[in-house]
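Encoded as structure tokens, the structure appears first; notes follow it.
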Amino acid sequence: MKQYELTVVVHPDLEMNVQPALDKVDDLIKSVGGKIIKDANDGKKHMTYKIKDQEFGLYYSYDLELPTDAPNKIERGLTIMDEVIRHLLVTKDERKEKMEARRKALEEAEGDKATEEEPNSEEEE
């Protein structure tokens, strides 16, 4: 199974009762054999241009694991949903994740080195 990132923009009128719309998205993902790794509410944002006569949208992002044929089914399902005014499904860049992990490890190693090399200020006096 490949890893994907999904961003969904939900209609702003659903702000007070958005959970049923999110449940529909979750059910769609699970119905095609997908697994939700992480989901996040990115909040209500002003869009650069109007989409379906709306200036604002509720942004939600998901990290997913999907089988090979699932992305097309999810795209079709999200396009049909009235609650979703825009969506974007992209594959995760594994090289980017590896580079970020390597960079973090280097920063931690440098931080540990700097801590060991700092002289104690009481010894200098």
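Can you find even one residue in the stretch 53-70 that is closer than 13 Å to Gln3 by Cα and in a helix (DSSP H, G or I)?
Yes: the stretch 53-70 contains one or more residues that are closer than 13 Å to Gln3 by Cα and in a helix (DSSP H, G or I).
Provide a single number: the residues in the stretch 17-50 that are farther than 18 Å from Leu89 by Cα and in a strand (DSSP E or B).
So in the stretch 17-50, the residues farther than 18 Å from Leu89 by Cα come out as 17-20, 43-50.
Going one step further and asking which of them are in a strand (DSSP E or B), we end up with 43-50.
Going through the stretch 17-50 one residue at a time, the tally reaches 8.
Suppose we keep only residues that are surrounded by 11 or more Cβ atoms within 10 Å (Cβ to Cβ) and in contact (Cβ under 8 Å) with a residue 60 or more places away in the chain within the stretch 52-79. Which one would you say is nearest to the chain's Cα centre (by Cα)?
Within the stretch 52-79, the match that is nearest to the chain's Cα centre (by Cα) is Asp63.
Which condition number does Asp27 fail, the rest of (1) at pLDDT 90 or above; (2) in contact with an Asp or Glu (Cβ under 8 Å, 6 or more places away or on another chain) being met?
(2)
Being among the basic types (Lys, Arg) and surrounded by 13 or more Cβ atoms within 10 Å (Cβ to Cβ) is the filter here; which residues of the stretch 4-43 pass it?
Filtering the stretch 4-43 for residues among the basic types (Lys, Arg) gives 24, 30, 35, 38.
If the condition is that a residue be among the basic types (Lys, Arg) and surrounded by 13 or more Cβ atoms within 10 Å (Cβ to Cβ), then Lys24, Lys35 are the ones that fit.
I need a count of the residues in the stretch 80-100 that are surrounded by 10 or more Cβ atoms within 10 Å (Cβ to Cβ) and either part of a helix (DSSP H, G or I) or at pLDDT below 85 (or both).
Residues in the stretch 80-100 being surrounded by 10 or more Cβ atoms within 10 Å (Cβ to Cβ) and either part of a helix (DSSP H, G or I) or at pLDDT below 85 (or both): 6 in total.
Given the structure, is Tyr49 surrounded by fewer than 16 Cβ atoms within 10 Å (Cβ to Cβ), of a type in the set (Phe, Trp, Tyr) and out of contact with any Leu (no Cβ under 6 Å at 6 or more places or on another chain)? Can you show your working first?
Numbers: surrounded by fewer than 16 Cβ atoms within 10 Å (Cβ to Cβ): yes; of a type in the set (Phe, Trp, Tyr): yes; out of contact with any Leu (no Cβ under 6 Å at 6 or more places or on another chain): yes.
Yes.
The values are calculated or read from the model by the stated rules, or taken from the named source; none is laboratory data. Quick caveat, the model's predicted, so the values are computed rather than measured. Counting neighbours? That spans all protein chains shown, and the Cβs are built from the backbone with ideal geometry, glycine included.
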